[in-house]
Amino acid sequence: MTDDRLLATCWTTAGDVVGLRGDEQSPIPIAERVQATAAAGFRGIGLLHADLMPALDQYGVRGLRTLLDDHGIIDLELEAITDWWTTGPARQRSDRVRRDLLTAAEALGAHHIKIHPDVTDSPWDQDRWVTEFGALAAEAATAGTRIGLEFLPWSNIKTVHDGLKLVQDADSPAGGLVIDVWHTERARTPPANLAAVPLRYIVGVELNDADAEPIGTLFEDTIYRRRLCGEGAFDLAGIIAALRTAGWHGPWGVEIISEQHRQTPLREAVAAAYRTARATLDSRSTS
């Protein structure tokens, strides 16, 4: 039980940056992001590799952990490892990020590390992926953290059911899923199906909202047009109820990614993300 703590995922506090522009590093100093996160009421924060490494260069492990502790930040999410299943130069780059994130997770006490599937949706070998996922989960366990696979409806692992098969076959206590409600809703997964996901395989949950139908590609819709909780068409009440039935009580990630959010001043944007997510969760607690 974590008492419904909220975690601001990396993009929620990153400001005017989006991966499509070729540079994922936030233009906002890490201290300002942590301060805004805590001031809004969040008890957790997410950091992308592109932001984590400069923060460690600036503060060191002890200094960064002190910054988080001084602002009451308990839960830390790190992301993201890609290409963890492949070979060649892409795997070499992936392994460098993997080492950085696992080392930092152990030193900082990260709640989990997020990993992604193959967004090219190429043919893939289930047995190889199970083996690679299991190996990565074993490394996470050694580092005292967990890895969470975030399934994506435009990738080779499109649904919670696809992701669950992979993590169940790997069967590692340190490996599971990050369930982003945007992805379950866009994949047309009934909220009630989430209630059947074994709690041991849920590493993280991310809340947000959106319009009933996507505009443009799914990827364009997810990075340009997410909405604050309660301001879209998602069945958040049903999703939260289902996840609580599964046994999840947090930390609940809040991942708001949109052009409007990026253009809103940091403290105002983060406060709105917290306020709407908290109201949504609290309404489910009292209904």
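Brief remarks on what is shown
- Leading residue at positive end of dipole, the range 190-237 (Cβ point charges), from A237, P190, Y201: Y201
- Cα gyration tensor shape for the range 105-166, rounded if a/c is under 1.5, else prolate or oblate: prolate
- Signed unit charges on C-beta, dipole axis of the range 6-273, positive-most listed residue I30, G88, P214: I30
- Of the residues S122, S172, S26, the one that moves most in a GNM of the chain with alpha-carbon contacts below 10 Å is S122.
- If only the Cβ of Lys and Arg carry +1 and only the Cβ of Asp and Glu carry -1, the dipole of the chain around its Cα centre is close to 420 debye.
- Shape call, the range 159-222: gyration tensor on alpha carbons, a/c limit 1.5: prolate
- Phi angles of the range 113-127 translate, via the Karplus equation with coefficients 6.51, -1.76, 1.60 and θ = phi - 60°, into HN-Hα couplings of 10, 8, 10, 10, x, 8, 6, 7, 6, 7, x, 8, 9, 4, 4 Hz per residue; Gly and Pro are given as x.
- Correct choice for percent of Cα pairs over 35 Å apart that was computed from the model, options (1) 16; (2) 20; (3) 10: (3)
- Highest mobility in the GNM of the chain, judged by mean-square fluctuation with C-alpha springs under 10 Å and restricted to H161, H116, H49, is found for H161.
- Tensor-based shape of the range 1-65 (alpha-carbon gyration tensor, a/c under 1.5 rounded, otherwise prolate or oblate): oblate
- Choice from I81, I28, I240 showing the highest fluctuation, given a GNM over the chain with Cα pairs closer than 10 Å: I28
- Note on the range 45-187: with charges restricted to the Cβ of Lys and Arg (+1) and Asp and Glu (-1), its dipole about the Cα centre is near 200 debye.
- Proximal charge balance of R5 [Cβ under 10 Å; K/R count +1, D/E count -1]: -2
- Sorting the segments 85-95, 271-281 by their residues' average number of neighbouring beta-carbon atoms within 10 angstrom, most packed first, yields 271-281, 85-95.
Read-outs throughout are calculated quantities, based only on the coordinates presented, and are distinct from any laboratory measurement. Predicted model, so just to flag it, every value in this text is computed and none were measured. As a convention, Cβ positions derive from the backbone with ideal geometry for all residues, glycine included, and neighbour counts pool all protein chains shown.
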